[in-house]
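Engineer: Take a look at this one; I'll ask things after.
Values in this text are rule-based calculations from the coordinates and carry no lab data. This one's a predicted model, so the numbers in the text were calculated from it and none came from an experiment. Cβ placement follows ideal geometry from the backbone for every residue including glycine, while neighbour counts extend to all protein chains displayed.
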Amino acid sequence: MKEFKVTPIRNGTVIDHIDCGQALNVLRVLGINEHNVDSTVSVLMHVASKKTGWKDVVKVEDRELDKQTVDKIALISPKATIDIIRDFNVAEKYKVMLSERVVELVRCGNPNCITNKSEPVRPEFDVEARDPPLLRCVYCDRVLDEISENLI
Amino acid sequence: MNFKDMDVVSIRDFSRAQIEEILERSRAMLPYANGEKVTRALEGKILGNLFFEPSTRTRLSFESAANRLGAKVIDVSQTSTTSIIKGETLADTIRMVEAYSDVIVLRHPHEGAARLAAHFSRKPVINAGDGAGSHPTQTLLDLFTIQEELGAIEGMNVIILGDLKYGRTAHSLAEALTVFGAELTFVAPETLQMPKDTVEQVRRLGGNPRITDDIEGEISSADVLYITRIQQERFPDPAEYQKVAGAYRVDKAMLREAKKELIVMHPLPRIDEISPEVDETHHAKYFKQAFNGIPVRMALLTSVLGVDI
């Protein structure tokens, strides 16, 4: 049987150590769908990992991520690492890291929160823990239960 | 200690030392609150009382507190008579009222409304209840009542009984009592027990609350029995409501085993959680508790306006 391999990428980003099962949410964060990319996107799910047992990996060619996107990945996959590849070499490598306050990345899950009522405010959360992330709404004081479902 | 221009949004914004200072100032307000002494300390100041949700006690007590201090009150208590009905945002309403008053008191149906108001107003904002969120002045007057009646909060056994899941006063009270070193017991039917994140917060603050659905076994060791209203609309089945409400109704017979010093508290309004026969016992402190809203709110108003009395 012919073995299918994910080939190294020339330029782009490898998002590694994604929490198992979160790869499709990472694609959602990247805004990738079948219509809007011209380069290869590789998604590996349930790959053996020495550190965490199992992990997902996403490779995106010809794209580097901005800070807001990296912060969103930290919300759904706090152990993820980002490798920026330039000309087949790892040019930069870092772990995602949430700052102490998350602004305008997720909306509050409480439908009765004032931030969900057409007021001129951005949703803001205090980060009380990073892994797993524990976010408390600055306005209504509730802990956000379903982070991936409330990504903006 | 300086509270000038401080917003009073959540009890969590206060340290224990700050709460103790507010309770101290509340005690100093007692002779002015009951009319024994007269002060015009806030003469020339205007309180903007914004109540976008029905309230009797809280609205009247802020108004009374302001009047006792010589301040004037302007108020909005019906959204139907304001621009809100035309679709004005709360942010715009607040910026308008900020221009008309020196301190804003806000009751609003949406959680986080007071934080938003504080964000848009340079004048101090006092949260008088935001949806199912915070009601910090209620918590302060509850703490004040326990301290006045029992002489201390630390080490007291406090039962919080009733609708602990949705009752807005129960959550912040539990946290504040823990900061003060009280021992807590949460008594409620399983479906209305204290939410997990409040229980976890109480534990993080060093508390070790007991959680039970049985009130009978708990009364004899309690110093405070704090009752909250079980709302009928939380039960799809009226028969189920009757059963639960009946099981937690406090009457004289239930208090037979109680310590002599036990105080019974309730944020009011009560429906039938407390039998009227309890009113005449020395345990009943809920009307005193309602009165305590005046000195506590007087202390807050003078403090955030930076006025000494």
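Engineer: If you split all Cα-Cα distances of the protein assembly as shown into 10 Å bins from zero, what percentages do you get per bin, shortest first?
Structural biologist: 4, 18, 24, 21, 15, 10, 6, 2, 0, 0
Engineer: Can I ask one more? Order of A:E146, B:E53 from fewest to most other C-beta atoms within 10 Å?
Structural biologist: A:E146, B:E53
Engineer: Once you charge only the Cβ atoms, +1 for Lys and Arg and -1 for Asp and Glu, what is the size of the charge dipole of chain B about its Cα centre, to the nearest 20 debye?
Structural biologist: With only Lys, Arg, Asp and Glu charged at Cβ, the dipole is about 820 debye.
Engineer: Working from Cα positions, state the angle (0 to 90°, nearest 10) between the long axis of helix B:238-247 and the longest principal axis of chain B.
Structural biologist: Long axis of B:238-247 versus the principal axis of chain B: about 80 degrees.
Engineer: Once phi is turned into ³J(HN,Hα) by the Karplus curve 6.51 cos²θ - 1.76 cosθ + 1.60 with θ = phi - 60°, what whole-Hz value does each residue of the range B:116-127 show in order, with x for glycine and proline?
Structural biologist: Calculated HN-Hα couplings, in order: 4, 4, 5, 5, 8, 9, 7, 7, x, 10, 10, 6 Hz.
Engineer: Are there chymotrypsin sites (Phe, Trp or Tyr not before Pro) in the range A:1-99 that DSSP marks as loop and that have at most 15 other Cβ atoms within 10 Å, and which are they?
Structural biologist: A:F4, A:F88
Engineer: What FRET efficiency comes out for B:S275 versus A:E104 if R0 is 56 angstrom and r is the Cβ-Cβ distance? Round to the nearest 0.05.
Structural biologist: E(calc), rounded to 0.05, equals 0.60.
Engineer: Going by how many other beta carbons lie within 10 Å of each one, how would you line up B:D279, B:D163, fewest first?
Structural biologist: In order of increasing Cβ crowding within 10 Å: B:D279, B:D163.
Engineer: Once the Cα gyration tensor of the range B:6-136 is diagonalised, what are the square roots of 5 times its eigenvalues, in whole Å and ordered largest first, as equivalent ellipsoid semi-axes?
Structural biologist: In descending order, the three semi-axes are 25, 18, 13 Å.
Engineer: I need the phi-derived Karplus couplings for the range B:50-66: 6.51 cos²θ - 1.76 cosθ + 1.60, θ = phi - 60°, integer Hz, Gly and Pro marked x.
Structural biologist: For the range B:50-66, the Karplus-derived couplings read 10, 10, 8, 8, x, 6, 9, 4, 5, 5, 5, 6, 5, 5, 5, 4, 5 Hz, x marking Gly and Pro.
Engineer: Also: Report ³J(HN,Hα) in whole Hz for each residue of the range A:62-77, in order, from the Karplus equation J = 6.51 cos²θ - 1.76 cosθ + 1.60 where θ = phi - 60°; Gly and Pro get x.
Structural biologist: For the range A:62-77, the Karplus curve yields 6, 8, 10, 9, 7, 4, 4, 5, 4, 4, 5, 5, 4, 5, 9, 8 Hz.
Engineer: Go through A:K117/B:K285; B:K259/B:K288; B:K4/B:K37 and tell me which ones have a Cα-Cα distance over 31 Å in this structure.
Structural biologist: Table pairs above 31 Å Cα-Cα are A:K117/B:K285.
Engineer: Using alpha carbons only, how many angstrom separate the centre of the range A:126-152 from the centre of the range B:85-139?
Structural biologist: If we compute the Cα centre of each part, the gap is 23 Å.
Engineer: Next up: In whole Å, what is the distance between the alpha-carbon centres of the range B:9-34 and the range B:270-292?
Structural biologist: 23
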